[in-house]
Amino acid sequence: MLKIHESISKFLHFLINILFVLQIILMILVFLTASYWFFNLINSDVFSFAQPIADSITDFVRLFYDREVQVGGVYIDGTLLLFDLIALACVFLLAKSKYYIYRAIDSVNIASKQLKAEQEEKFNKELQKEAEMNIKKANNVAVLVRFTAKNMMIDACWGGGDPNDGVKEIEDEAFKIFYSSIKNLTGCRFAKTDDKMLILLNDFTKTDNLLSFIEASISRISGEMRRKKWLVYANISIDVYDNKTNFKTEVYPILERLLSINHKNEPVCLGNFVIRYNLQSNSAFNPFMKGRYNLGQEYEVWALVKKN
């Protein structure tokens, strides 16, 4: 359809050029014949070079009109005058025709732009759909959790005992409570590495459910430990990957570097996770950009905040 519009537009432009040439030819003929007729009336041969043209036009006009005009008792051949009047009328009609043709060209151009916009919108939607399908291929989720404990009865300035005393035991206890609260989540696998717990999920649609359980568990653990005069908080990192990604070399190192930001109790992630997460409908968390951090190279780091 777009090619048809382009062909119509080219034809109309060509037609305008033809009409413009016709206008020029008619104006030249009017000038030559009018000048020849006028100077011939006053017996001047200034425009005698135009006689062959004038004679040809006269012969042609006489095929349709063969009368003489009487001026002051003198009969004058009016064929050239009639031709000039008709030619001027034709020039005017050609000018009006060009005006309407230009309007037709504008209409065709508008239709072409609309068609192009529709095609571009359709193409962009197809690209977006294809891009979303490729993004959704990353369906695996990895969450790394680390607990940190601090004795609330010991002050860094005023002392009161060894700040490291009992910390390892409280962190281990926090891990045990945490694991017992989420171990029954379907589709998850768990692994404890040093002071961190790794959670693997093979269905991205269950991400909100997993994060909500993690948040609720951490909140409950913090409350229980606070009653024991211990301050316990968690660092959480999360990433998404597909089955072709090498987890050990590409995913896990990023999770560990994200923990080094030390953002408390809210999951942190990179932009690739946010893009994938935003494709989910009715999500339970709002991503907001925390800042740019050097994690081997500079990354934008996002935090996931639970919606009210």
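Each value in this text was obtained by applying a stated rule to the coordinates, not by laboratory testing. Computed from a predicted structure; not experimentally measured. As a convention, Cβ positions derive from the backbone with ideal geometry for all residues, glycine included, and neighbour counts pool all protein chains shown.
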- Message: Could you work out the relative contact order of the chain? I mean the mean sequence separation of Cα pairs under 8 Å and 6+ apart, divided by the number of residues, in percent.
- Response: 15
- Between beta-carbons, use under 15 Å as the cut-off and find the net charge around residue 210, counting Lys and Arg +1, Asp and Glu -1. 0
- Mean residue ellipticity (222 nm) of the chain, computed from DSSP H runs ≥ 4 via -39,500 (n - 2.57), nearest 500: -18500 deg cm²/dmol
- Work through the residues other than residue 114 whose Cβ is under 13 Å from its Cβ and net out their charges, Lys, Arg +1 and Asp, Glu -1. -1
- Run through the DSSP bridge list for the chain and note the antiparallel percent, rounded to the nearest 5. 95
- Task: Report, in degrees rounded to the nearest 10, the 0 to 90 angle that the Cα long axis of helix 51-61 makes with the longest principal axis of the chain.
- Result: 90
- Mind computing the radius of gyration and Dmax over the alpha-carbon atoms of segment 121-276? Å is fine for both. 18.5, 69
- Message: My understanding is that a pair violates if its Cα-Cα distance is over 27 Å; which of 228/290; 229/264; 176/229 do that in this structure?
- Response: 228/290
- Note on the structure: For the chain the translational diffusion coefficient, Stokes-Einstein from a Kirkwood Rh over Cα pairs at 25 °C and viscosity 0.890 mPa s, in µm²/s, is roughly 89
